């Protein structure tokens, strides 16, 4: 029967453990983790409860497993505590202190084990015998919360003197999660659960130790406002004021413009509307101003064809922006939308790309008085290859009629190929 086979697997797993493992600690780990033995044992039990008969040999094996396995795990569990207790005593004797949170000793997480004993004592789950054993090492083993606080406070002071800042929430120092600890103090401060003495100690390190991100934003904003009032300009990259890297901070706000709250954007605009401009983006804004001026004077957008000089340059830049409209930030996109006809929700990116390449082809023809060969690249675009593709589409009758009409402005563009009108063109 199936359960007989599973019982044999169980027997094999137990015998392998008993014959090959001598070290008690490893045996405990193996017994606890040997899911094959345990799962199959439970399977045998469930099958037996259904009324199936087991032969005498298998019944004895099930009895051995039930009693030996369970008793051995329980016995070694007790031994496991004693083993870690001895390591705990040895650690205290060598170091003259209790282990820190998550501190390991001889590959054992002694800090976690020690914290577990304090937890069990606090909730009345630690036996009298074990408490007395721990008292033999030091009576302070369960009274270390204040001492631990002072140790962490000292580490925070050291960290601040070295780094000139409060640790980030996941930051560690000397094996301690100092950022998390400081965050806990902040929460207690907000809930008014931190004593005045502790508040004074933390204030002596840094006045902003209890500031959360929102509080810090206001501090940085105030410093930026002061800086601008004094210098009549925004800080340069990495420029520091009042101990704050204001240059980095304002650059970060520019990069996060699209996800900044309206309230924060409005506050920054009160300092200067130019805060969102980066020095490295001056070229963009200069080109935008040229485009805006061209539109105001000519009452139209610049063209690629039948043009040259400044108009060609502005048209090239404008079409690059149209082509990259999904990559532009909200600020730039809104600027371009102020000029009618540039950003149109009705025109797809593919349509924009076709128009760009046509205008490049037209301009190449006007300058050189000839069509480009297939390998020609002009202003970064393979217009020769693109033209060949349009000719092939025209020969097959799949080139839209409005595009054919545009291409007809270029004499001989089809290179004597017969172009078949597109029959299903939608007006």
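Looking only at segment 231-251, count every residue that is in a helix (DSSP H, G or I) and modelled with pLDDT under 85 and tell me the total. So the answer is 1. Here residue 276 fulfils each of the conditions (1) surrounded by fewer than 15 Cβ atoms within 10 Å (Cβ to Cβ); (2) modelled with pLDDT under 80 apart from (1).
If you go through segment 206-230 and pick out every residue that is modelled with pLDDT of 85 or more and either more than 30 Å from the chain's Cα centre (by Cα) or outside the structural domain of residue 263 (by TED's automatic domain parsing) (or both), you end up with 6. Does segment 362-371 contain at least one residue that is under 19 Å from residue 287 (Cβ atoms) and out of contact with any strand residue (DSSP E or B) (no Cβ under 6 Å at 6 or more places or on another chain)? Yes, segment 362-371 has at least one match.
Within the span defined as segment 389-405, every residue fails to be within 20 Å of residue 318 (Cβ to Cβ) and in contact (Cβ under 8 Å) with a residue 24 or more places away in the chain.
One line per residue, one yes/no per condition, for (1) under 29 Å from residue 184 (Cα atoms); (2) under 33 Å from the mean Cα position of the chain (by Cα); (3) at pLDDT 90 or above:
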site: 100; (1), (2), (3): yes, yes, no
site: 106; (1), (2), (3): no, no, no
site: 118; (1), (2), (3): yes, no, no
site: 123; (1), (2), (3): yes, no, no
site: 142; (1), (2), (3): yes, no, no
site: 149; (1), (2), (3): yes, yes, no
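Answer yes or no as to whether residue 184 is within 32 Å of the chain's Cα centre (by Cα), under 19 Å from residue 80 (Cβ atoms) and either modelled with pLDDT of 85 or more or in the same structural domain as residue 83 (by TED's automatic domain parsing) (or both). No: the conditions fail for residue 184. All conditions in (1) in the same structural domain as residue 221 (by TED's automatic domain parsing); (2) in contact with a helix residue (DSSP H, G or I) (Cβ under 9 Å, 6 or more places away or on another chain); (3) at pLDDT 80 or above hold for residue 263, with the sole exception of (2).
The values are calculated or read from the model by the stated rules, or taken from the named source; none is laboratory data. Being a predicted model, the structure only gives us computed values, none of them experimental. Cβ atoms come from the backbone with ideal geometry, glycine included; neighbour counts cover every protein chain shown.
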